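Derivation of every value follows stated rules applied to the coordinates shown; laboratory data play no part. Remember, it's a predicted structure, so these values are computed and weren't measured experimentally. Cβ atoms come from the backbone with ideal geometry, glycine included; neighbour counts cover every protein chain shown.
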Amino acid sequence: MNLLLIVLFPFFGFMINGFMQLRSLKTGHKISSKQSGSIATFAMVLSFITAIYYFIQFSGQQEDGRLIEQNLFSWIKLGAFHVDFSLRLDSLSLLFTMIITGVGSLIHLYSIGYMKEDETPAKYFSYLNLFCFMMLNLVLGATMPHIFLGWEGVGLASYLLIGYWNQDTAKVGAGQKAFVMNRIGDLGFLIAMFIAYKYVGSLDLVDLQKATLSPKIASVVGLLVFFACTGKSAQIPLFTWLPDAMAGPTPVSALIHAATMVTSGIYLLTRISPLLLQAPDVLSVIAMVGVTTAFVSAVIACAQKDIKKILAYSTVSQLGFMFLACGVGAFDAGVFHVMTHAFFKALMFLGAGSVIHALHEEQNIFKMGGLSRKLPITTFTFVMGWAAILGLPPFSGFFSKDEIIIQSLHSQYGNQILFIMALASALLTAFYMTRLLVLVFFSPSRMEKETEEHAHESPLVMTLPLIALAILSLVGGFMHHSEGGHEEGQSIMIASVVVALIGAAFAFFRYRKFDKEEMTNQFVEKGLGIDVFYNKFFGNGVPLLAKGLSKWIEEYFIQNSMKFCTWMVEFSGSVLKSFQVGSMQVYLLMMVVFGLAFMIWILESVMQGVIFYGK
Amino acid sequence: MENSQQLTALLIWPMLGSILAWFIPKASQRIYSLFISIVQFALVIYVAYPVITQTGQGLEQTLPWLSDLGIQLSLKLDSTSVWFVLLSGFVSFVVLGMKGQWYRRNTRLFSSMAFFLIFSINAAFLSSNLIVFYLSYEAVFIPMILMVGIWGSSTKANSVFRFFLMSFFGSILMLVSIFYLSYLYFLKTGIFSANLNDLLKLSNENSPAMLWCFAGFFLAFAIKVPLFPFHGWLKEVYVNAPAPATIWMSAILSKLGVYGFIRFVGPLFPEAILSAQGILLALAAFSVIYAAFLAIQAKDPKALLSYSSISHLGFVMLGVFSMGASAKTSAIVLSVSHGLTSLVLFYLYDLIVKRKEDVSLEAYSGLAKKFPILFVCLFIGVLASVSLPGTFNFVGEFLVLIHAYPVSALCTILAGIGVIFGAVYMLKFYQKLGFGVSSDAQVAEVAEDISGFDLIVIVLILALIIYFGFQPSLFLGGMTNV
Amino acid sequence: MNEPWMMLIVACTVFLIGLMGVIFRKNLLIVLMSVELMLNAVNLSFVTFSKLHNSLEGHISVLFVMTVAAAESAVGLGLVIALFRTLKTADSDQIQILRD
């Protein structure tokens, strides 16, 4: 077996679908979503099987034997600087690989049904495969530049998929916003690499993990990497792109903006965790940012009306939990939550996709309701996801979320503030998720007549992934051996479950009989003004600055100084031109005058002895 | 250094092509130009091959000319110049294959001028005598100005004049500096010489005179590249020039400035550069950001591409001014990758323009649906331009920045911000052209998707960009040992 | 009048008169005549110097100049007539075609 295979299968899928798409453009022959989708899904399944092979191989080995490295070729080598293009598989990257290929396969399968009516499914599936290829590069890359390749590559795929329906400029704009905000974070990544290279002398992850840096340098590197993560994983201050990213097809939101790409920040922080542990200040920053993001986006989620936006803010909030885990040094718990979150959030997104599909692109939860009879499988699986995100035992979310909450108090880096904010976020999570669940599936129907009649359960190709993910959401929690040694752990566990139930009950009774549109607070719904502020400040500020620069410096200073130069030449020309009257006689006169003057000057010089003539 | 007679062939062949072009019938000029330029490119590869493979080895050839005045026709192909010569050979071949009005109007003059241009570019890149370098550097203007003047768009007269004036202003000061340097050499040794190897003996002198000479050289090359306050001529000229001239200017002629810095200014005035390094790096970094801002607000797509060219050359200059062998190599790598990328972008943009009548950015939309393959190619070009990892540009930009960082962290970060803006304006460029709802009325009747020569060439270049993005060792290995 | 310097003064004066005529007279014919005057002034100085140095070279030059002057005035007159035919004037102020 070859490690390269995991990466190559999606790449081949991308190439095959891409060429099929280009060929169909030439010939005009339409490709069905079944055709291209099965190629793409097959590629992902093969990749998943390869990953399982390594999983089996690893499970038979000791902890320190779980490492496979494969050097493919020397990438950049210049003087002392050397970066190899090599893949490295250890427990952490294997877990991520399993999530990407496993959940990825399911979402690919689901997409076959979801994109059935689309005009260019081959394009869609090639992008999806491209994304998986890049994501696998991200988690398997052995060096920082290799991770960066995947890091930017997933950003690219995300851009392409958000703006997939590119006739709509708003959607394209959302894609651009995602790409640019990611790039802002990427600058942090780049500079972190420069600093790391300057002080460590290598960009190989193993060398970085082993390196001991001065606390100052470690803090700077850690902060910069964390800044990069806030871009990719949608944390404060760079989180506003994720809700907009919901412009893409729903399976894309499930795969990229819930299960995989947005968790790459956690992956990166865990990768360089030895470096972060040298800089406790950075850890506390990460924890604070994480828990604040969790809380703020949970608040915003409570005021959303769009089903996908709720899930998007919920994702931001859950990612905040993961960063909180990293920030209190419990990287294991963070990664564990990545896995369980991948299951239940992908499930909920796909469920939402199923609902949207059934209602013909209706996304407002106040125009839904009572769908539990129309969509029984979707409803059932969605409830499983709901239970998981609330952290009800024995669903997977219970294990991972509670571990984070416990660690936020009891870890070496934890404290009460983090703990209370985490609990508050859990309460809000329970509230808005229950609100969503009740309004969509159980409350009285508020749908338009025609939509209601057409609403129907999705085909098997879409419900199958839902069922699979529901099972995973149920049992996912048992895949992790928690130490569970804390004495107070028990009481915190109970407390968090009680908090979740309180939130759920409150939402349930509030929205059970809801039959009109809720008047939400506009300020909260628009994202607490943060997005508005960015739009005002950067969205208008940058073009304004650009206009200002081009007007004041470029036009007035540069162009005018250029004009002045040309004017100088023209002016001196016109002055000299006036001597050229065109009359031979004037020329002759000038010749005589200047000749005489010259002769007089020469004679004078000879007389004064400046020029010696003869002896 | 090996002594070789092949280097003159690189000059004689295009000169021959330039003369013979007048005897070729109008209809077969394109075939003729393609033939001459392909042979020229093959010749370049043949000559350059030993230089690339034998690391550190170069070719040298000296012909006597005006030896009493210290002017010899000494040609030198080493690991620095070889990439520029190769790039210009390749770009010229691609450019001459482009179809356009230059093959309909004054055709003979066009191909003659094109080969004269190649001749003078090669002479400039090969010459290691400063006077000969100056002569060829100036000779480049003649075909360039004619091209902009004859085949350019309507509002060209003023821009040509400014272009000429600014470039000439810079290079005439360089000529004075060259004379002064050889005079200094005369004072020292009693012999007039303008050979680089001789003049390098002056490089450890640290006098005000040397600083002035540095200023002369700096101005000439800074205008050519161009660096921030000297870029005023660029936009008008790029926008008004016909596509081949634009490509030549952004892909090759700007590199003439870069090459001048690497080849002459760096070795001749190390003291002056070190004493002004902070300012120079700041200028380079500021160029990046400033041009990016200009590109963000540009209405005309070609102006946007021109500004992006300035922005990327800012990165190159950052590498050049960082000094040190690795930084120099990085700058060369970025130069070559920028040459290839701007070739692709301007080429494809010209293809799009031919399919449209109106040329402001607002007038385009939804073309991706009409010309899907063209826009796939354009998208890869855009990605290369924003230096996404996996493209050749990333290798260059990454290497430049990582080597510039220890020299000046602040300037590196500033230039890094340019990376973000790069994404902003390049995506704007692509989206405005490609996405949105298309309006059929604007597209010309005959508009077809990219095909034939265009497609083959563009795919070839894109393949090169991606291949070198993963395997840049060809460029890095050959140059490390110098 | 056998003092050579007096002859030279005469030659100089005639030359200056000719020069003034060339520069300031408007009629092209007069300009031509003034040119002849200058040439003859030069001839005079040639002869003077020839006498002064007791050599014949000056005389030879004078003969040479006289032949060339004859040819020159013929050509010059032809040009003036041609100009007069095309521009209908022999006034030098009117003839400024060099300017534009």
TODO: Take the protein assembly as shown, drop everything but the C-alpha atoms, weight them equally and run the Debye formula without solvent; then report log10 I(q)/I(0) at 0.05, 0.10 Å⁻¹ to two decimals.
DONE: -0.45, -1.29
TODO: In square nanometres and to one decimal, what's the mean projected area of the convex hull around the Cα atoms of chain A?
DONE: 45.2
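Place a +1 charge on the Cβ of each Lys and Arg in region B:164-316 and a -1 charge on the Cβ of each Asp and Glu, then give the dipole magnitude about the Cα centre in debye, rounded to the nearest 20. Please list the in-between numbers first.
Numbers: 8 positive and 5 negative charges, 45 e Å.
Value, rounded to 20: 220 debye.
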- [ ] Would you mind giving the mean number of other chain beta-carbons within 10 Å of the Cβ of each residue in B:416-425, as a whole number?
- [x] 5
TODO: Taking every pair of alpha-carbon atoms in region B:5-75, give the share separated by more than 17 Å as a whole percent.
DONE: 57
Open item on the list: For the pair A:Lys547/A:Val383, report the inter-label distance in nm, with labels modelled 7 Å from Cα in the Cβ direction.
Closed with: 5.6
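Over chain A, what is the relative contact order in percent, taking alpha-carbon pairs closer than 8 angstrom and at least six residues apart? Present the calculation step by step, with values, prior to reporting the outcome.
Numbers: 993 pairs, mean separation 69.1, N = 615.
Averaging sequence separation for qualifying contacts and normalising by length gives 11 percent for chain A.
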- [ ] Give me the distance in nm between label points sitting 7 Å out from Cα along the Cα-to-Cβ direction at C:Gln94 and C:Lys26, one decimal.
- [x] 1.0
Task: Antiparallel DSSP beta bridges within the protein assembly as shown, percent to nearest 5 - done: 90
Task: Ordering of B:84-95, B:23-34 by packing [mean C-beta count within 10 Å, highest first] - done: B:84-95, B:23-34
- [ ] Would you mind computing, in nm to one decimal, how far apart the modelled labels at A:Gln416 and A:Lys77 are, each placed 7 Å from Cα along Cα→Cβ?
- [x] 5.9
Task: Degrees separating the helix A:215-232 axis from the principal Cα axis of chain A, which is the longest one - done: 70
Open item on the list: Which one, A:Ala422, A:Ala468, A:Val440, is farthest towards the positive end of the dipole of chain A when Lys and Arg carry +1 and Asp and Glu -1 on their Cβ?
Closed with: A:Val440
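With both bridge residues required to lie in chain B, what share of the DSSP beta bridges run antiparallel, to the nearest 5%? Write down the numbers at each step before the final one.
On the way: 10 of 13 bridges.
Here the antiparallel bridges make up roughly 75 percent for chain B.
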Open item on the list: Using only the alpha-carbon atoms, what does region B:98-159 span along each of its principal axes? Please give whole angstrom values in decreasing order.
Closed with: 38, 25, 15
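Within a 10 angstrom radius of each residue's Cβ in A:142-149, how many Cβ atoms of other chains show up on average? Whole number is fine.
On the way: counts 0, 0, 0, 5, 1, 1, 3, 6.
If you average over the peptide's residues, the count of other-chain Cβ atoms is 2.
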Open item on the list: Relative contact order for chain B: what percent, with Cα pairs under 8 Å and sequence separation of 6 or more?
Closed with: 15
Open item on the list: Please report the equivalent ellipsoid semi-axes of region B:232-272, computed as sqrt(5 x eigenvalue) of the Cα gyration tensor, largest first, in whole Å.
Closed with: 28, 11, 4
- [ ] May I ask you to derive the FRET efficiency for A:Ser578 and B:Ala9 from their Cβ-Cβ distance with R0 = 45 Å, giving the value to the nearest 0.05?
- [x] 0.30
TODO: Evaluate 2.2 N^0.38 Å with N set to the residue count of region C:4-87, then give the Cα radius of gyration divided by it.
DONE: 1.25
Task: Among B:Leu345, B:Ser74, B:Ile121 the positive-end extreme of the charge dipole of chain B (Cβ point charges) - done: B:Leu345
Open item on the list: If each DSSP helix of 4+ residues adds -39,500 (n - 2.57) and the sum is divided by the residues in chain A, what number results at 222 nm, nearest 500 deg cm²/dmol?
Closed with: -22500 deg cm²/dmol
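Given R₀ = 41 Å, FRET efficiency for B:Gln54-B:Lys99 by Cβ-Cβ distance, to 0.05? Can you show the working numbers first?
On the way: r = 40 Å, r/R0 = 0.96.
The value I calculate is 0.55.
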Open item on the list: Using only Cα atoms and rounding to the nearest 10 degrees, what angle (0 to 90) does helix B:372-385 make with the longest principal axis of chain B?
Closed with: 30
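Per the helix-only calculation at 222 nm, which mean residue ellipticity applies to chain B, given -39500 (n - 2.57) for every DSSP H run of n ≥ 4 and division by its residues, nearest 500 deg cm²/dmol?
Values: 22 runs with 332 residues, N = 482.
Helices in chain B give a 222 nm mean residue ellipticity of -22500 deg cm²/dmol.
Using a 10 Å cut-off on Cβ atoms, rank the peptides A:102-112, A:465-475, A:70-80 from the highest mean neighbour count down. Don't skip to the answer; put the middle values down first.
Numbers: A:102-112: 27.4, A:465-475: 22.0, A:70-80: 16.2.
With the highest mean Cβ count within 10 Å placed first, the list reads A:102-112, A:465-475, A:70-80.
Explain nothing, just the number: relative contact order of region C:4-87, from Cα pairs under 8 Å at least 6 residues apart, as a whole percent.
Numbers: 69 pairs, mean separation 23.4, N = 84.
So the answer I get is 28 percent.
For region B:315-433, what percent of Cα pairs sit more than 25 Å apart? Write out the running numbers ahead of the final one.
Working: 2171 of 7021 pairs.
Summing the P(r) of region B:315-433 above 25 Å gives 31 percent of all pairs.
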TODO: Going by C-beta contacts inside 10 Å, put A:His454, A:His337 in order with the fewest on the left.
DONE: A:His454, A:His337
Task: With 10 Å bins from 0: P(r) over region B:278-482, alpha-carbon pairs, percent - done: 9, 35, 32, 17, 6, 1
Open item on the list: Using the alpha carbons of chain B, what is the convex hull volume per residue in cubic angstrom, as a whole number?
Closed with: 127
- [ ] Kindly provide the Kirkwood hydrodynamic radius of region B:148-206 in Å, to one decimal, from all pairs of distinct alpha carbon atoms.
- [x] 13.9
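R0 = 45 Å: FRET efficiency of A:Asn540 with A:Phe42, Cβ-based, nearest 0.05?
On the way: r = 47 Å, r/R0 = 1.05.
Here the calculated transfer efficiency is 0.45.
What is the mean number of Cβ atoms from other protein chains located within 10 Å of the Cβ atom of each residue in peptide A:76-85, rounded to a whole number?
Details: counts 13, 5, 17, 12, 2, 8, 0, 3, 0, 2.
Shielding by partners across A:76-85 averages 6.
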- [ ] Give the angle, between 0 and 90 degrees and rounded to the nearest 10, that separates the Cα long axis of helix A:584-608 from the longest principal axis of the Cα atoms of chain A.
- [x] 80
Open item on the list: Please give the charge dipole size of region B:278-482, origin at the Cα centre, charges +1 on K and R Cβ atoms and -1 on D and E Cβ atoms. Round to the nearest 20 debye.
Closed with: 360
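Could you put B:Ile262, B:Ile12 in order, starting from the residue whose Cβ has the fewest other Cβ atoms within 10 Å?
Ranking B:Ile262, B:Ile12 by Cβ neighbours within 10 Å, fewest first, gives B:Ile12, B:Ile262.
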- [ ] Would you mind checking which residues have amide H under 5 Å from B:Asn195's amide H? H placed 1.01 Å from N; only 5 or more apart, or other chain.
- [x] B:Leu130
Open item on the list: Please list, in order along region B:171-177, the HN-Hα scalar couplings obtained from phi with the Karplus expression 6.51 cos²θ - 1.76 cosθ + 1.60 (θ = phi - 60°), rounded to whole Hz, x for Gly and Pro.
Closed with: 6, 5, 5, 5, 4, 4, 4
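When you count, for each residue, the other Cβ atoms within 10 Å and take the mean per peptide, how do A:235-245, A:597-607 rank with the highest first?
Details: A:235-245: 23.5, A:597-607: 11.1.
Peptide ranking by packing, descending: A:235-245, A:597-607.
Most exposed first by the Cβ proxy, i.e. fewest other Cβ within 10 Å, how do B:Val140, C:Val42 rank?
C:Val42, B:Val140
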